[in-house]
Amino acid sequence: MSLISQNVAVISSIEKVTEDNTVVSSSPLRKVDASDVENSGVDTTRAKKRKKEHKKEDEQIVKEQQKEMEKLENFLFGSLYSPVEFGKDEEKNGFSAEEKDSALYIMDRSANNSLSVYENDVGLLDESSNKEEAQQRKPVWVDEEEEKASVNITNVSRLRKLRKEEDEKSISGSEYVSRLRAQHAKLNPGTEWAQLDAQSRGGSDDDDDLTSDDENAVALADGYDNVDSIDDILRTNENLVAKSGAKLLPGLLEYSRLVDANAQEPSNGPIHSVQFHRNAQLLLATGLDRKLRFFQIDGKRNTKIQSIFLEDCPIRKASFLPDGSQVIISGRRKFFYSLDLVKAKVDKIGPLVGREEKSLEVFEVSPDSSTVAFIGNEGYILLVSTKTKELIGTLKMNGTVRSLAFADDGRQLLSSGGDGQVYHWDLRTRTCIHKAVDEGCINGTALCTSPNGALFAAGSDSGIVNIYNRQEFLGGKKKPLKAIENLTTKVDFLKFNHDAQILAICSRMKKSSLKLIHVPSFTIFSNWPPPKKNLQYPSCLDFSPEGGYMAVGNAAGKVLLYKLHHYQHA
């Protein structure tokens, strides 16, 4: 016997049972009705009505019982009495044919430039976009007097930071409001990482942008197609909020003091050389205690990485090669050292063949990392190859050599010394191409060129620093762009930062004798050095590759670390 026949038999038996129950249940009701009629004996019509009402109630009870039985049967054996018919529920609930179609088909809105299955969807999208445009918020009230008003931003010191140009004094009211809003956004940056970029909104036309190489990449929501930019955020530890790259304004320099760069291991002697590696996270610090120390700079802990002890050489100067592969170390010795950072190997080099110099403590490295220029005796400049570590040539000045500086990507070399003149050398031909007197200088002590080679600064033992345009100086113009007279003792150190907006000048003979010059205006930053902080006797200085950090070494064996807030990267 099949399952259906079994179900039918069960159903018939259930119907008989229900009929018997109805007869049994209805009989006492009818007896009660007859007794009521006999007792009343007054109105037969009223008794008939009551009978009809009781019959209706009995029939309704029977129908409800049958429905409950059918529900149980459907639940146990499936749909026997009401087979499934599609569309009946929708019609009962009032769905139209178009709504049923839209319910059956789902549009993929995430795909870019995808065609709609139905033309009606295009109309719906247009209508929704028009409604969104109409619902955009508009300003409730606009003050027309803002355009007519004029605000002087130089009278109040707090408003001077709103200037975009140095000589700017008054601005309109609307411009004043917009700059205040911009300043507020600068001081209270929002979560820019949470905002959808304009380029990522547009999306890409290719559906197969993500290859197998991106399996470990971030899973992005619909509309975030610029995967590379998201991965770049997760691959760096820099600040997520980027500040504007506006020009540095004169007057006050925004900075803050951080933990000393060598706080974990200060030097036991004066610091003579500090320099940042090209990756901006590694700093070397050397001094007369014969130790070369490396620190990882983060501004908080400044972890010490390694220290190297040179037993026979108090270090006067150490410098990374611009390519970051080696460190050149020298002192008042006939030889110098080369530290290979890749192999972690120290090589002792010298004395140089054919030379009798007793000291190679002053040198400069070319920007192309090919040549090291040492100061020799009797006006000689010694050129040594960084690959072979051998002497490849010499240059001869009329007076003694005191300072060197490379220019033009290592193709030219500047030198100055006891005769008060600045020499320009062409290293390709090993000849002097120009020589001129540094104005007001009797004995030159320091030289420095800007990273782009457009400017150079020359310091003397009188404390005067002259800033020249190099092309004009080569063309015969001997007058400097500006003469800085803020130092009263011998100039020992000069250094431009990476964009040549700041020039540091230093003298080791006087406490806190370190000045920072705003190069575009040739003025001194008035809040440097810190008024309540003693720099001791500063001896050396370096800026990080992107200008965010400034490290100052002093005679007390400390490397002071400062954060320059104008620059967003280290």
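Observations, loosely collected:
- Cα lying deepest toward the dipole's positive end in region 351-471, options Val372, Gly417, Val465, charges on Cβ: Val372
- The lysines whose alpha-carbon is closer than 22 Å to the alpha-carbon of Lys164, local same-chain residues fewer than 8 away aside, are Lys148, Lys186, Lys243, Lys247.
- Of all accessible heavy-atom area on region 450-548, the percent that carbon and sulfur account for (1.4 Å): 48 percent
- For region 448-476 versus region 307-375, the gap between their alpha-carbon centres in whole angstrom: 26 Å
- A straight chain from Lys510 to Glu68 at 0.36 nm per residue would run longer than the Cα-Cα distance by 148.6 nm.
- If the segment from Ser359 to Glu390 were pulled out straight at 0.36 nm per residue, it would be longer than the present Cα-Cα gap by 9.5 nm.
- Solvent-accessible area per residue for region 515-570 (1.4 angstrom probe, square angstrom): 35 Å²
- Charge dipole (debye, nearest 20) of region 296-415; +1 at Cβ of Lys and Arg, -1 at Cβ of Asp and Glu: 360 debye
- For Arg470, Arg46, the ranking by accessible surface with the largest value first comes to Arg46, Arg470, using a 1.4 Å probe.
- Carbon and sulfur %, accessible surface of region 339-436 computed with the full protein complex present, 1.4 Å: 46 percent
- Too-long pairs where the Cα-Cα distance tops 29 Å, listed order kept, from Lys300/Lys495; Lys515/Lys558; Lys345/Lys511; Lys532/Lys558: Lys345/Lys511
- Interchain or long-range residues, amide H under 5 Å from Asn302's placed H: none
- Protection proxy ranking of 164-171, 412-419, 496-503 - average other beta-carbon atoms within 10 Å, highest first: 412-419, 496-503, 164-171
- Shape call, region 352-410: gyration tensor on alpha carbons, a/c limit 1.5: oblate
- Shape call, region 283-418: gyration tensor on alpha carbons, a/c limit 1.5: prolate
- Ranked packing of 384-390, 257-263, most packed first, by mean Cβ within 10 Å: 257-263, 384-390
- FRET efficiency, Ser325 to Ser157 (Cβ-Cβ, R0 45 Å, nearest 0.05): 0.40
- As a calculated quantity, the FRET efficiency between His184 and Phe309 at R0 = 51 Å, using C-beta atoms, amounts to about 0.45.
- Two-site FRET efficiency, Lys343 against Thr429, from Cβ-Cβ distance with R₀ of 35 Å, rounded to 0.05: 0.50
- Length gained on full extension, Lys479 to Thr44, computed as 0.36 nm times the residue gap minus the Cα-Cα distance: 142.9 nm.
The values are calculated or read from the model by the stated rules, or taken from the named source; none is laboratory data. Just so it is clear, the structure is predicted and the values come from calculations on it, not from any experiment. Don't worry about glycine lacking a Cβ; one is built from the backbone with ideal geometry, like all the others, and counts go over all protein chains shown. Each accessible area value is taken on the protein alone, full model and side chains, heavy atoms only, with ligands, DNA and RNA left out. Shrake-Rupley method; radii C 1.70, N 1.55, O 1.52, S 1.80 Å.
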